[in-house]
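K.L.:
One structure follows; several queries about it will come next.
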Amino acid sequence: YQKKIIEIDSHMAIAIAGLASDARVLSNFMKQQSLGSKMTYGRPIPLDRIVAQIGDRAQTNTQHYGKRPYGVGLLVAGVDEAGPHLFEFQPSGLTHEMVACAIGARSQMARTYLERNLDKFQDCSRDELIQHGLSALKETLSQDKELTIDNTSVGVVGVTNGKKESFKLYEGQDTAALLEVLEQRESAGAEGESMEVDS
């Protein structure tokens, strides 16, 4: 499976859908800008600024003869002085700040799940939000597929108990415990449904 989550800085990462080579170009640009901000101003770059920069860069490509638009969509997640943020970047250069979002093939099912549960997110703990993310991801799978430690990565960044949390990536065996909790939640939910049907 292709690596879909790339760390940009300790306070920011991207998830990609599309051409990995274009994602590498954009992520390298973002890393340079992030490093430049630390060296020049002594602080991490604000997320809205870096997202605007990649949006401008992508939009410029649509205006020049001989250049092609980037073939990759990004989710940019991070935390800065203003708090946690999630931005969607589209190849046209369009960027939106979101509360929850999914991109890529079959992402509509995940978006539907996120929209249905949007009201719950405000009161959720960090672990509950991870479970919602995995549940949304599971919605995108075709019938014969399952989430496994080989095809699942989880990136976490944000604010926990009022403290900024640096980006952490769970891959491979690290995701086993998270997937186990997801299975337990789903089996408990299925039991609840069957009890309702019986009664």
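The values are calculated or read from the model by the stated rules, or taken from the named source; none is laboratory data. This is a predicted model, so every value here is computed, not measured. Note: ideal-geometry Cβ built from the backbone for every residue, glycine included; neighbour counts use all protein chains shown. For the accessible areas, the whole protein counts, side chains as well, though only heavy atoms, and no ligand, DNA or RNA atoms are used. Shrake-Rupley method; radii C 1.70, N 1.55, O 1.52, S 1.80 Å.
K.L.:
If I ask for residues that are open to solvent by 50 Å² or more (accessible area, probe 1.4 Å) and either at pLDDT 95 or above or among the basic types (K, R) (or both), which ones from segment 68-89 would you list? If you could, list the steps in order and put the result at the bottom.
P.N.:
Of segment 68-89, the ones open to solvent by 50 Å² or more (accessible area, probe 1.4 Å) are 68-69, 81-82, 84.
Selection gives R68 alone.
K.L.:
Now, a different point. Kindly establish whether D127 is closer than 21 Å to S187 by Cα, under 17 Å from the mean Cα position of the chain (by Cα) and exposed (fewer than 13 other Cβ atoms within 10 Å of the Cβ). Steps first, answer last, please.
P.N.:
Working: closer than 21 Å to S187 by Cα: yes; under 17 Å from the mean Cα position of the chain (by Cα): yes; exposed (fewer than 13 other Cβ atoms within 10 Å of the Cβ): yes.
Yes: the conditions hold for D127.
K.L.:
May I ask you to say which residue of D56, D22 is open to solvent by less than 50 Å² (accessible area, probe 1.4 Å), among the acidic types (D, E) and not in a strand (DSSP E or B)? Let's see the steps before the verdict.
P.N.:
Details: D56 fails: open to solvent by less than 50 Å² (accessible area, probe 1.4 Å).
One residue alone meets the criteria, D22.
K.L.:
Moving on. May I ask you to list the residues in segment 84-111 that are among the small types (G, A, S) and either at negative phi or touching a strand residue (DSSP E or B) at 6+ places or on another chain (Cβ under 6 Å) (or both)? Talk me through it step by step, then tell me what you get.
P.N.:
So in segment 84-111, the residues among the small types (G, A, S) come out as 92-93, 100, 102, 104-105, 107, 110.
Those that are among the small types (G, A, S) and either at negative phi or touching a strand residue (DSSP E or B) at 6+ places or on another chain (Cβ under 6 Å) (or both): S92, A100, A102, G104, A105, S107, A110.
K.L.:
Right, next: As an exercise: evaluate G93 against (1) under 20 Å from E165 (Cα atoms); (2) in contact (Cβ under 8 Å) with a residue 12 or more places away in the chain; (3) among the small types (G, A, S); (4) surrounded by fewer than 20 Cβ atoms within 10 Å (Cβ to Cβ) and give the number of the one condition it does not meet.
P.N.:
(1)
K.L.:
Given (1) under 20 Å from G18 (Cα atoms); (2) small (G, A, S); (3) surrounded by 18 or more Cβ atoms within 10 Å (Cβ to Cβ), identify the lone condition not met by S135.
P.N.:
Here S135 clears every test but (1).
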